[in-house]
Amino acid sequence: MVYIAIILFFTLQTGANIEQTNYSGLNEIKMLIINGERAEAAELLEQRIEQSDPAEEELQLLVDLYHQSFSFSKIIDIYQNHEQKLNQNPAVLFAYGQAVNQMGFENRAVQILEQFRALNSNDPRGLILLGRIYYNNDNWEAAEPVYDQLVGLAPENLYFRTQLAKVNGNLMQTEYSREILREVLREDPLYLSAILELAISHIAATEVHKARELIEPALKKYPDQALLWNLSARTAYNLQKFSMAIEHWAKVIELGKADNNTYRGSALSYYQLGNAEKALENFNRSLAMNPEDLISLYYKAMVYRQIEDWEKAEATLNQLFEIQITDYFMDTLIQRAVVAEELDKIEEAMKDYRLVKLMDPTHQNADFYLAALYDRHFDNPEKVIEYYQNFLDIENPDPSLIEYARGRISVLRERLHFARGRE
């Protein structure tokens with residue numbers, strides 16, 4: 001009996017010594033990490049994990065080290081080999097989700113991060129990554145509850161609240177979005193992200209003066225923010241302050257943030273001011289950056305029309321005709337027909353007007369343009385009257401053209417009457 005007791009004593013003592021040794025070894029590894037010797041710490045942890053059944057703490061520590069060194073494939077291996085121990089560990093799930101995302105498996109990463117979210121951890125990192133993935137994919141419905149959860153975790157965080165506002169804005173919850181942004185700005189009147197988002201919301205609703213109330217003081221605080229200058233230029237343009245718009249888009253260019261929209265905006269401003277040379281210069285810069293910018297092509301053709309450079313107008317409209325089938329298509333055909341007539345290409349002009357009529361039988365002005373073309377170039381009063389009458393018979397004809405059409409019908413009918421009388 002004494003013999004058995006002695007054996008049990010030594011057995012328990014040996015187990016305690018092993019546990020103490022393991023604990024002591026883990027503390028030594030932690031000291032290596034504290035001292036910046038992470039590679040050596042990771043190597044020792046790898047050895048421990050290979051030689052024994054590792055504890056969750058050891059696995060998490062190794063995952064953290066891999067995460068710090070961007071060893072994403074190793075994180076994936078650790079998790080998949082020890083999933084039963086780690087699938088409820090928020091820190092490891094975040095690192096695993098990020099690793100999978102970095103390896104290019106975004107859908108799987110979303111599943112992992114949603115698993116992280118279901119744990120309701122106080123660690124926001126997984127939620128931040130999940131929200132960013134949803135946001136970048138324009139998945140506003142999925143992003144909204146994620147940012148709402150982040151705001152619940154850190155209600156004082158202005159970034160999370162602004163992101164929540166942006167998401168709700170994209171979900172067309174405009175007033176709720178604005179309410180969040182206004183609250184943010186009450187706490188920090190110069191919080192740039194909220195200023196930009198609220199200004200954009202007002203611009204989208206054509207509340208230009210409200211947008212300017214936000215933009216003008218912000219420009220004094222953030223004179224190097226190109227996006228602010230761009231918004232200021234847009235609002236100036238909408239208020240028909242075209243010189244100011246040009247100046248503020250020039251600041252965007254000066255800050256090295258210009259894109260084709262910057263040059264197009266400048267060009268349209270010069271166009272409104274009647275400066276054909278500068279308008280063309282900026283339209284060409286816009287088109288150098290985006291050769292298929294429909295607005296730049298269309299208005300470039302309009303400038304050529306203004307200066308009566310009919311051949312270049314025709315070439316630009318032909319280019320526009322070749323690349324687009326949008327709302328500008330009908331306008332392109334009509335403008336091309338006008339230019340063709342100026343170049344004495346009457347048959348080509350007629351083809352374009354007829355194509356408009358064929359593609360959109362209810363087009364407001366196609367019959368009027370055909371009537372006027374026949375009126376100017378052919379001695380066929382019956383056909384001219386027919387087209388003018390078709391124009392007048394459509395629903396809501398252009399009021400600026402009604403009197404002219406009626407007048408021409410009256411004159412031509414009178415002419416036909418006297419011609420028949422002479423016969």
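The values are calculated or read from the model by the stated rules, or taken from the named source; none is laboratory data. This is a predicted model, so every value here is computed, not measured. Cβ atoms come from the backbone with ideal geometry, glycine included; neighbour counts cover every protein chain shown. Just so you know, the surface numbers come from the protein's heavy atoms only, side chains and all, with ligands and any DNA or RNA stripped out. Shrake-Rupley method; radii C 1.70, N 1.55, O 1.52, S 1.80 Å.
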*Can you pull the one-decimal nm distance between simple spin-label points at S410 and M289, each 7 Å off the Cα toward Cβ?*
5.3
*Roughly how many debye, to the nearest 20, is the charge dipole of the chain about its Cα centre, given +1 on each Lys and Arg Cβ, -1 on each Asp and Glu Cβ, and no other charges?*
1020
*Per residue of the chain, what 222 nm ellipticity follows from adding -39500 (n - 2.57) for every DSSP H run with n ≥ 4, rounded to the nearest 500?*
-26000 deg cm²/dmol
_Table column - 3J(HN,Hα) (Hz), the range 272-285, Karplus curve with 6.51, -1.76, 1.60, x for Gly and Pro_ = 5, 7, x, 9, 5, 4, 5, 4, 4, 4, 6, 4, 5, 5
*H209: accessible area at probe 1.4 Å, nearest 10 Å²?*
130
*Which of rounded, prolate, oblate describes the range 199-309, given a ≥ b ≥ c as roots of the alpha-carbon gyration tensor eigenvalues and a/c under 1.5 marking rounded, otherwise prolate only if a/b is larger than b/c?*
prolate
*Compute the signed sum of charges (Lys and Arg +1, Asp and Glu -1) over the other residues within less than 12 Å, Cβ to Cβ, of A258.*
+2
*Under unit Cβ charges (Lys, Arg +1; Asp, Glu -1), what dipole magnitude, rounded to 20 debye, does the range 290-423 have relative to its Cα centre?*
500
*Hey, how many Å between the Cα centroid of the range 176-232 and the Cα centroid of the range 362-404?*
48
*Would you look at the GNM of the chain, springs on alpha carbons closer than 10 Å, and say which of P397, P90, P223 moves the most?*
P397
*Please give the net charge around E207, taking every other residue with its beta carbon less than 11 angstrom from that of E207, where Lys and Arg add +1 and Asp and Glu add -1.*
+2
_If I take R0 = 35 Å and measure r between the Cβ atoms of D259 and L171 in this structure, what FRET efficiency does the formula 1/(1 + (r/R0)^6) give, to the nearest 0.05?_
0.80
_Need one word for the range 144-186: rounded, prolate or oblate. Basis is the Cα gyration tensor (sqrt eigenvalues a ≥ b ≥ c); a/c below 1.5 gives rounded, then a/b vs b/c decides._
oblate
_Listed residues A194, Y328, N81: farthest to the positive end of the dipole of the chain (Cβ charges)_ = Y328
*asked:* Rounded, prolate or oblate, given the Cα gyration tensor of the range 88-158, with a/c below 1.5 counting as rounded?
replied: oblate
_Fluctuation leader among S177, S243, S69 - the chain, Gaussian network, Cα springs under 10 angstrom_ = S69
*Could you calculate the FRET efficiency of L392 with M359 from 1/(1 + (r/R0)^6), where r is the beta carbon distance between them and R0 is 25 Å, rounded to 0.05?*
0.75
_In Hz, Karplus ³J(HN,Hα) per residue of the range 370-376 (6.51, -1.76, 1.60; θ = phi - 60°; x = Gly, Pro)_ = 5, 4, 5, 5, 4, 4, 7
_Net charge, M172 excluded, C-beta distance under 14 Å - Lys, Arg +1, Asp, Glu -1_ = -2
_Take D188 and I402, extend 7 Å from each Cα along the Cα→Cβ direction, and tell me the distance between the two endpoints in nm._
5.7
*Pull out the extension gain between K312 and R376, defined as 0.36 nm times the separation in residues minus the alpha carbon to alpha carbon distance; nm, one decimal.*
20.7 nm
*asked:* Starting from the 7 Å offset along Cα-to-Cβ, what nm value, one decimal, do you get for the label separation of E281 and Y328?
replied: 2.2
*Using Kirkwood radius over Cα pairs in Å as the read-out, say which of [x] 22.6; [y] 26.3; [z] 28.5 was calculated from these coordinates.*
[z]
*Would you mind getting me the FRET efficiency between F105 and K241? Use the beta-carbon distance for r and R0 = 56 Å, nearest 0.05.*
0.65
*So how tilted is helix 328-342 from the main axis of the chain? Cα-based, degrees 0 to 90, rounded to 10.*
30
_How large a share of the accessible area of the chain, in percent, is made up of carbon and sulfur atoms when the probe is 1.4 Å and the other protein chains stay in place?_
50
*Have a look at D148, D293, D344 and tell me which one the Gaussian network model of the chain (Cα, springs below 10 Å) gives the largest fluctuation.*
D344
*Helix 38-51 versus the longest principal axis of the chain: what angle, 0 to 90°, nearest 10, using Cα atoms?*
60
*Among the GluC sites (Glu not before Pro) in the range 131-175, which ones are in a DSSP loop with at most 13 other Cβ atoms within 10 Å of the Cβ? Mind listing them?*
E156
*asked:* How much length would be gained if the chain were fully extended between N136 and Y159, taking 0.36 nm per residue of separation minus their Cα-Cα distance, in nm to one decimal?
replied: 6.7 nm
*Would you mind checking the tilt of helix 2-34 against the longest principal axis of the Cα atoms of the chain, expressed as 0 to 90 degrees and rounded to 10?*
40
*May I ask you to evaluate 6.51 cos²θ - 1.76 cosθ + 1.60, the Karplus curve with θ = phi - 60°, for each residue of the range 387-397 and list the ³J(HN,Hα) values in order in whole Hz, giving x for glycine and proline?*
5, 4, 5, 4, 4, 5, 7, 6, 6, 6, x
_Heavy-atom surface of the chain, accessible at 1.4 Å and reported per residue (Å²)_ = 56
*asked:* Report, in listed order, any pair from K241/K351; K241/K345; K85/K166; K300/K345; K312/K383 with a Cα-Cα distance greater than 29 Å.
replied: K241/K351; K241/K345; K85/K166; K312/K383
